1. Identify the single condition in (1) in a loop (DSSP other than H, G, I, E, B); (2) surrounded by fewer than 20 Cβ atoms within 10 Å (Cβ to Cβ) that A:A97 does not satisfy, given that it satisfies every other one.
2. If I filter the stretch A:234-243 for residues that are closer than 22 Å to A:L329 by Cα, away from chain B (no Cβ under 11 Å) and out of contact with any Ser or Thr (no Cβ under 9 Å at 6 or more places or on another chain), do I get at least one hit?
3. Residues that are under 27 Å from A:F358 (Cβ atoms) and assigned by TED's automatic domain parsing to the domain that holds A:A388, at least 2 per element: which helices (runs of 4 or more DSSP H) completely within the stretch A:226-336 meet that?
4. Out of the stretch B:86-104, which residues are out of contact with any strand residue (DSSP E or B) (no Cβ under 9 Å at 6 or more places or on another chain), part of a loop (DSSP other than H, G, I, E, B) and within 7 Å of chain A (Cβ to nearest Cβ)?
5. Which residues, taken from the stretch A:155-202, are at pLDDT 80 or above, surrounded by 18 or more Cβ atoms within 10 Å (Cβ to Cβ) and either outside the structural domain of A:S65 (by TED's automatic domain parsing) or of a type in the set (S, T, N, Q) (or both)?
6. In the stretch A:414-431, is there at least one residue being part of a loop (DSSP other than H, G, I, E, B), of a type outside the set (S, T, Y) and without any contact (Cβ under 8 Å) to a residue 24 or more places away in the chain?
7. Got at least one residue in the stretch B:44-56 being more than 10 Å from chain A (Cβ to nearest Cβ), surrounded by fewer than 16 Cβ atoms within 10 Å (Cβ to Cβ), at pLDDT 90 or above and not in a helix (DSSP H, G or I)?
8. Taking strands (runs of 3 or more DSSP E) that do not extend beyond the stretch B:133-221, which have at least 3 residues that are crowded, with 23+ Cβ neighbours inside 10 Å and aliphatic (A, V, I, L, M)?
Amino acid sequence: MLNPFLALTRKDVKLFFGNRRALLVTIAAPIAIASFFGYLFGGGGSTEPSRIAVLAVDQDGSAISREIAAGLTADKNLEVKPSTLEPAREAVRKGKAVVAFVIPKGFGADAGRAFFNGGASKPEIALLYDPSHGAEMSMVQGILTGHVMEAVSKEMFNGQTGRSVVKDTLAQLDRFDMAPEQKKGLRGLLEGVQGWNAAQETGTGSAQEAPRVGLTLPYQVRSEAVTSGTGVKYNGYAHSFGGMGIQFILFLGIDIGIGLLMQRQTGVWKRLRAAPLSRGVLLGSRATSAAITSMFVLMVLFAFARVVFGVRIQGSVAGFLGVCAAFSLMTAAWGLLIAALGKTPEATRGLSIVTTLFMVMLAGAWVPTFVFPAWLQKLTVVIPARWAMDGLDAMTWRGLGFSAAALPIALLSGCALAFGALAVLRFRWDVDG
Amino acid sequence: MLEVTALRKSYGDIVAVDGVSLNAGKGETIGLLGPNGAGKTTTVSMIAGLVRPDSGTVLIDGRPLQGDTDPAKRAIGLVPQDIGLFDEISARENLHLFGALYGMDRANRRRAIDAALDLVGLAERAKDKVAGFSGGMMRRLNLAAALLHDPQLLLLDEPTVGVDPQSRNAIFDNLETLKKRGKTLLYTTHYMEEAERLCDRIVIIDHGKVIADDTLQGLQRLLPVANLLSVELEESKADGLRPEDVQAISGVQSVEILGGTLRIGIRDLAADSPGILRWLVERGYPFQHVVSERASLETVFLTLTGRSLRD
């Protein structure tokens, strides 16, 4: 005897696979979007990051300003082009450049004076930036600071401008509003610099053959992406395929709910209710078939990501399967809940889609949650999709063990039970008329 | 087989079914006749256990249905008004599924499916997807799906809605076969000719209430006339003809003049019609066409409610 539960489950699975066009869209759409997002967020780790477009407006033309522009041009993170003020402003406004920096006339001399005398007025470097690229502006500002310090100090200790600034400063030192001890110290420093410069001019200093240098950053940075293992590159596709998998599985959940609401309006539902079947069999079989199809879609997506983009389950395979299964069950129960709470398919569809999109967005499926404000990052831990996302990240590119999947699996399973119980309680069993 | 007593169901302020009672013995075919919105489908839904009544009882073979999984549900076969089939699988797969829901094993299912497909004339389309079926074929398969578990009581909720005359006749032939096999049929319709053709007894329902429950002959006895004579006058002229003059002719029960046509109600077609026709000719109202029709359920309904079945 074929168990009615199995018969109903098998029928739903058969209907899912029987609709080839819908099946193709269900799988092709997340693959396409995940591939795009994965590429944007680092891809397979081999692509060069894009350089920030910067315009250099040098109104000074001094040795210092030329040195600053040259330093920035050589920076591997920037793509610097010379410009003038108005065209630079227009280019930033049109989005053709992210930042334009303007070095005003007299900057070199003013910066030199301010270098030794904190009380002197400081010249300004204007940064014109595209407000939609705030993060890039901060990055350019940091790089600029380093190059300005290097260029100004180099000129002060080695260049012609530096010599005259030191000479002038020594002459005016007595008029500085400064404690006698500080003046004495500064005088010693300036006289030392003057001696250094004189030695370089006469060629008697030991630095004769050495290149001209100024203050430099006293450290180097070695960055290391901490992934599942040494030498294992971060694969952006692992996150994007997880994210899009979650999104489209939740859409499947909506389909389940709307499908049930639509079925209620047909003779099929009457026929099912007329048969000697428990409510558990009717809803349970629907949930089971939905979980099976959801799991199938997730497996296909990750198989594609593995073959095409080299996404690997770097952590526990059991944990990965557990997260996928728990999320599939949670989605199935979510679908039943939609059917239980919805009045009509038409009214329910729009609300469900909006709710799902919010859930997906806040789960970090589109962009990682670290770009969210801190309060939002804390808030999103209540969203089940976030647990699935964290669990999939942990089992794929983070390469963590089963213990890291245990909590997401438990939370998702608990959520599935809660949604399922609520759906059974709230489901309208009487047919309409 | 079926005893329904004082069923009542309301949705908010709307009373859909208001104290409906009816009985159907084994092998009997009961027609539940009423216009759209009369409460027929709600009554059937309550009998099948799909809708919980506010009050009243339904007994199947002397006992009420108890819960969703009551095995007594196997005694009922429901043919819903809306097609209750899955479009994207074949006719045979649909029937396998519905057979499985009633706990039938594979061998029994196969036999029952073959028999049901044979009965409704779809054996050759068994492997085709339902989505490719015509409306009439879907209706026939809708009937077949209710027969698999060999129920004693068939609830047929307007099973011929929207089908072509050929398919309707085919469904009627199927139902007559089932009737001959001793099945009890409860048949809802708003087509009087269907009820006239098939039913042993007719329950007329309107605004949720039973307004008549009798055989066709019994219902017709409620009417003041047994036949209607329609006389189309030559050149469609009835100038000067007064209804009260016609009413005075022996045997005439009612008179209605619609343009050039007279509609005359009489009790005895053979005895009364010659005198009426002769009277018309003698008074200078020659006619070109005469049609007689027996008073129908439509007339009964009109008489009982003051409105048409199709309103």
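The values are calculated or read from the model by the stated rules, or taken from the named source; none is laboratory data. Because the structure is predicted, anything quoted here is derived from the model rather than measured. Note that each Cβ is placed from the backbone with ideal geometry, even for glycine, and that neighbours are counted across all protein chains shown.
1. The single condition A:A97 does not satisfy is (2).
2. Scanning the stretch A:234-243, I find at least one residue that is closer than 22 Å to A:L329 by Cα, away from chain B (no Cβ under 11 Å) and out of contact with any Ser or Thr (no Cβ under 9 Å at 6 or more places or on another chain), so the answer is yes.
3. Here the list reads A:236-264, A:279-309.
4. Across the stretch B:86-104, the qualifying residues are B:F86, B:Y102, B:G103.
5. Scanning the stretch A:155-202 gives a single hit, A:T169.
6. yes
7. Scanning the stretch B:44-56 turns up at least one residue that is more than 10 Å from chain A (Cβ to nearest Cβ), surrounded by fewer than 16 Cβ atoms within 10 Å (Cβ to Cβ), at pLDDT 90 or above and not in a helix (DSSP H, G or I).
8. Output list reads B:201-206.
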